[in-house]
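Asks: Quick one: this structure, given as structure tokens, is what I'll be asking you about.
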Amino acid sequence: MYRFFLKPLLFLFDPEKIHHFVFALVKFSHYFPGIGALNRLIYKTNHPELKKELFGLTFENPVGLAAGFDKNAKLFNQLGNFGFGFVEIGTVTPEPQPGNPKKRLFRLPEDEALINRMGFNNEGSKAIARRLVGNKGRIIVGGNIGKNTSTSDDFAAEDYVKNFRCLHEVVDYFVVNVSCPNVGSNAKINDKEFLIDLLNHLKSINKEYGVERPILLKIGPDRSNEQLDDVIDIVKVTNIEGVIATNTATDRSNLTTAKSQLDQIGNGGLSGKPLAERSTEVIRYLAEKSNKGFPIIGVGGIHSPEDAMEKLEAGADLIQVYTGFVYSGPGLIKKINKRIIRESNS
């Protein structure tokens with residue numbers, strides 16, 4: 001029903017406006033008794049084969065929602081009712097910021113893709129932390145953290161530290177996002193020595209708390225093999241818990257969408273089907289070159305159970321969807337989990 005009725009209707013309208021409309025609709029509907037239970041009945045899959053123990057956390061299933069959908073942690077519990085094993089909020093910055101000027105989110109239906117240049121629009125870590133207090137452990141929540149756009153590279157590390165301290169008590173794991181193409185230059189925060197210093201500092205802060213939160217590094221798909229080797233070294237030297245591969249891409253080659261339309265859209269990060277092959281390549285390279293030395297969360301172009309299995313077979317321990325959720329609908333999560341169960345029993 002989603003692909004043939006709801007999606008064509010929703011796609012008639014501006015994507016960012018529709019995002020907020022659907023967001024509000026889901027939240028409002030859950031005020032009615034029984035809606036949450038009904039969604040769980042329809043979309044949730046419970047099976048022992050789906051459970052995954054990773055970096056000290058127990059995931060009910062390996063399919064998560066990637067950062068960017070619930071930026072301000074307003075819908076994480078309701079989204080859990082659609083069958084997700086975990087939800088990643090953010091990207092969060094220390095201070096609130098509006099993000100880039102609109103229009104900043106674009107659909108590429110011919111490619112089953114999105115281009116966004118949102119620019120870390122969010123309400124700031126303090127407001128988001130207050131909202132997350134209400135989680136009460138109902139679903140695993142990851143905190144994706146970045147720096148404010150106005151923060152200079154010289155003070156970037158301080159922004160990550162502020163986020164880390166502010167959210168430490170209310171998230172289950174952290175993602176250090178240094179790969180978003182929509183917030184200016186990333187040259188400084190992608191420097192190997194900078195990342196080693198930053199991650200070591202966060203690890204030392206972690207020890208100040210009663211519970212140490214897992215820390216993962218989110219990387220982009222445009223890295224060369226040499227740069228991926230650096231990522232492996234960074235994980236080994238800092239002893240962080242893992243990597244998320246991959247973020248959105250700047251490369252727009254081999255798209256079906258007309259170049260004139262792409263030129264009209266302008267800059268932004270590409271997500272969806274066109275990333276499937278490259279993100280899988282990055283996952284496989286990291287897994288094989290490190291000899292599965294650390295956990296990997298695979299994301300990028302997962303629109304079907306087959307796409308999900310490719311990521312898992314390449315070496316991903318968990319997976320995340322975002323654009324596939326938009327194009328394939330909420331039924332995608334259950335289909336993926338059913339496929340995982342079937343493969344594990346074959």
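Asks: Given R₀ = 45 Å, what would the calculated FRET efficiency be for Ile196 paired with Ile42, taking r from the Cβ atoms and rounding to 0.05?
Replies: With a Förster radius of 45 Å, E is 0.50.
Asks: Now, a different point. How much length is gained on full extension from Phe4 to Lys103, taking 0.36 nm per residue of separation minus their Cα-Cα distance?
Replies: 33.0 nm
Asks: In sequence order, what are the phi-derived ³J(HN,Hα) couplings for region 116-133 according to the Karplus relation 6.51 cos²θ - 1.76 cosθ + 1.60 with θ = phi - 60°, rounded to whole Hz, with x for glycine and proline?
Replies: Values, residue by residue: 9, 9, 4, x, 6, 5, 6, 8, x, 5, 5, 5, 5, 4, 4, 6, 6, 4 Hz.
Asks: Using the Cα gyration tensor of region 105-165, with a ≥ b ≥ c the square roots of its eigenvalues, what is the shape: rounded (a/c below 1.5), prolate (a/b larger than b/c) or oblate (neither)?
Replies: Oblate, since a/c reaches 1.5 and b/c is not below a/b.
Asks: What is the Cα centroid distance between region 2-52 and region 277-343, reported in whole angstrom?
Replies: Taking the Cα centre of region 277-343 as reference, the centre of region 2-52 is 21 Å away.
Asks: With the cut-off at 1.5 for a/c, could you classify the chain from its C-alpha gyration tensor as rounded, prolate or oblate?
Replies: Rounded.
Asks: Hey, rough spin-label estimate for Glu212 and His19, points 7 angstrom out along Cα→Cβ, what's it come to in nanometres?
Replies: In this crude spin-label approximation the distance works out to 3.5 nm.
Asks: Which part of region 205-219 falls in the paramagnetic zone of Glu158, meaning amide N under 19 Å from the point 7 Å along Cα-to-beta-carbon?
Replies: 205
Asks: If you don't mind, another one. Select from region 289-346 those trypsin sites (Lys or Arg not before Pro) which occupy a DSSP coil region and have at most 16 other Cβ atoms within 10 Å, ordered by residue number.
Replies: For trypsin sites (Lys or Arg not before Pro) across region 289-346 that sit outside H, G, I, E and B with at most 16 neighbouring Cβ atoms in 10 Å, the list reads Lys292.
Asks: Would you work out the relative contact order for the chain, in percent, from Cα pairs under 8 angstrom that are 6 or more residues apart? Mind showing how you got there, number by number?
Replies: Values: 650 pairs, mean separation 60.9, N = 346.
RCO, the chain: 18 percent.
Asks: How many nm separate the modelled label positions at Thr250 and Glu306, each set 7 Å beyond the Cα in the direction of the Cβ?
Replies: A separation of 3.3 nm, rounded to one decimal place.
Asks: I'd like the GluC sites (Glu not before Pro) in region 208-286 restricted to DSSP loop residues with at most 16 other Cβ atoms within 10 Å, sorted by number.
Replies: Glu208, Glu212
Asks: For Val170, Val211, Val243, Val161, what's the fewest-to-most ordering of other Cβ within 10 Å of each Cβ?
Replies: Neighbour counts put them in this order, fewest first: Val211, Val161, Val170, Val243.
Asks: Report, in debye and to the nearest 20, how large the dipole of the chain comes out about its Cα centre when Lys and Arg carry +1 and Asp and Glu carry -1 on their Cβ. Don't skip to the end; give the middle numbers.
Replies: Details: 44 positive and 40 negative charges, 286 e Å.
That gives a dipole near 1380 debye.
Asks: Here is a follow-up. For the chain, what is the calculated [θ] at 222 nm in deg cm²/dmol (nearest 500), taking -39500 (n - 2.57) for each run of four or more DSSP H residues and dividing by its residue count?
Replies: For the chain, the value works out to -11500 deg cm²/dmol.
Asks: In nm, to one decimal, how far is the modelled label at Lys126 from the one at Lys338, with both set 7 Å along Cα→Cβ?
Replies: 4.8 nm
Asks: Going by the alpha-carbon gyration tensor, a ≥ b ≥ c the square roots of its eigenvalues, is region 219-346 rounded (a/c under 1.5) or, if a/c is not under 1.5, prolate (a/b greater than b/c) versus oblate?
Replies: Numbers: a/c = 2.31, a/b = 1.11, b/c = 2.08.
In terms of gyration-tensor shape, oblate.
Asks: Follow-up. Cross-link list Lys74/Lys102; Lys218/Lys335; Lys44/Lys335; Lys74/Lys103; Lys71/Lys162; Lys17/Lys71: which exceed 20 angstrom alpha carbon to alpha carbon?
Replies: Working: Lys74/Lys102 22 Å; Lys218/Lys335 26 Å; Lys44/Lys335 10 Å; Lys74/Lys103 23 Å; Lys71/Lys162 17 Å; Lys17/Lys71 15 Å.
Correct reply: Lys74/Lys102; Lys218/Lys335; Lys74/Lys103.
All of the numbers you see were taken from the coordinates with simple rules; none came from a lab. What you are looking at is a predicted structure, and each value in this text was computed from that prediction instead of being measured. Cβ coordinates were reconstructed from backbone atoms using ideal geometry, including for glycine residues, and neighbour counts include every protein chain displayed.
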